[in-house]
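Only one structure is covered here, and it is reproduced in the block below.
The values are calculated or read from the model by the stated rules, or taken from the named source; none is laboratory data. It should be emphasised that the depicted structure is a prediction, and the values quoted were computed from it without experimental measurement. Reconstructed Cβ throughout: ideal geometry from the backbone, glycine too, with neighbour counts over all protein chains shown. What goes into the accessible areas is simple: the full protein's heavy atoms, side chains included, and nothing from ligands, DNA or RNA. Shrake-Rupley method; radii C 1.70, N 1.55, O 1.52, S 1.80 Å.
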Amino acid sequence: EQAWQWFTKNGGVQRRPYWWDRPRFGPPRRLTPVVGVIWYEAAAYCAWLNRHWKEDEAAREAMGAMFGGQFQLRLPREPEWVAAAGGEQEKRFPWGDGGEVHYPANTAESKLQRTTPVCMYPLGRSPLGVMDMGGNVWEWQANLLEKGQRSRAIRGGSWSDGVSFARVAARLGYHPYDDYTYIGFRVGAFPG
């Protein structure tokens, strides 16, 4: 609700994410995460989507088939994100403990230096089958990093960080107005 208030207070003006027109990060890069989005924009997009998804017949059918009753589209809270990633044991990655697969995610070790399509690393999916929970982009969370701070939590690691940041336990905090090429977001559907 805080993000929706921010959005409407600003006249509902939608700015393009800073990196939108850059070939490495914009629309030509289909199926890749949108980056350069501040926390308020990510959360406001979820609020907008929550209000408008029913206007599309295909979306109504698909969402009804998946969720049936009432649900809410929003940024995940950290415990929800951790559960989707498979648990937070200290050295655990979304794909497990590492095992024989060393880097099944878009991290600095890939040397790609940009985002990749979310389906590019199928061996990196979580036990629940969720793709890109580690690497590609840090994901804004709905909650603050710590009570009493302004920093918003991010999870998941990114293409610009080493694989150790793709551990489920890895978390950072950023100011809600930060809009870097390595921060994006994930829309989640939750009961409500």
*asked:* Looking for something crowded, with 21+ Cβ neighbours inside 10 Å, within 14 Å of the chain's Cα centre (by Cα) and touching a residue at least 40 places away in the same chain (Cβ under 8 Å) - is there at least one such residue anywhere in segment 64-73?
replied: no
*Give ARG114, ARG92 a once-over and let me know the one that is open to solvent by 20 Å² or more (accessible area, probe 1.4 Å) and either within 27 Å of ARG29 (Cα to Cα) or without any contact (Cβ under 8 Å) to a residue 24 or more places away in the chain (or both).*
ARG114
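Residue-wise test of (1) assigned to a loop (DSSP other than H, G, I, E, B); (2) touching a Ser or Thr at 6+ places or on another chain (Cβ under 9 Å); (3) hydroxyl-bearing (Ser, Thr, Tyr); (4) without any contact (Cβ under 8 Å) to a residue 24 or more places away in the chain.
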| residue | (1), (2), (3), (4) |
| --- | --- |
| LEU128 | yes, no, no, no |
| MET131 | yes, no, no, yes |
| GLN141 | no, no, no, no |
| LYS147 | yes, no, no, yes |
| SER164 | no, yes, yes, yes |
| GLY173 | no, yes, no, no |
| PHE190 | no, no, no, no |
*Return the residue satisfying two criteria in turn: it lies in segment 138-168 and is under 23 Å from MET120 (Cα atoms) and among the aliphatic types (A, V, I, L, M), and of such residues it is most open to solvent (accessible area, probe 1.4 Å).*
VAL163
*Quick one: how many residues across segment 34-63 are open to solvent by 20 Å² or more (accessible area, probe 1.4 Å) and not in a helix (DSSP H, G or I)?*
2
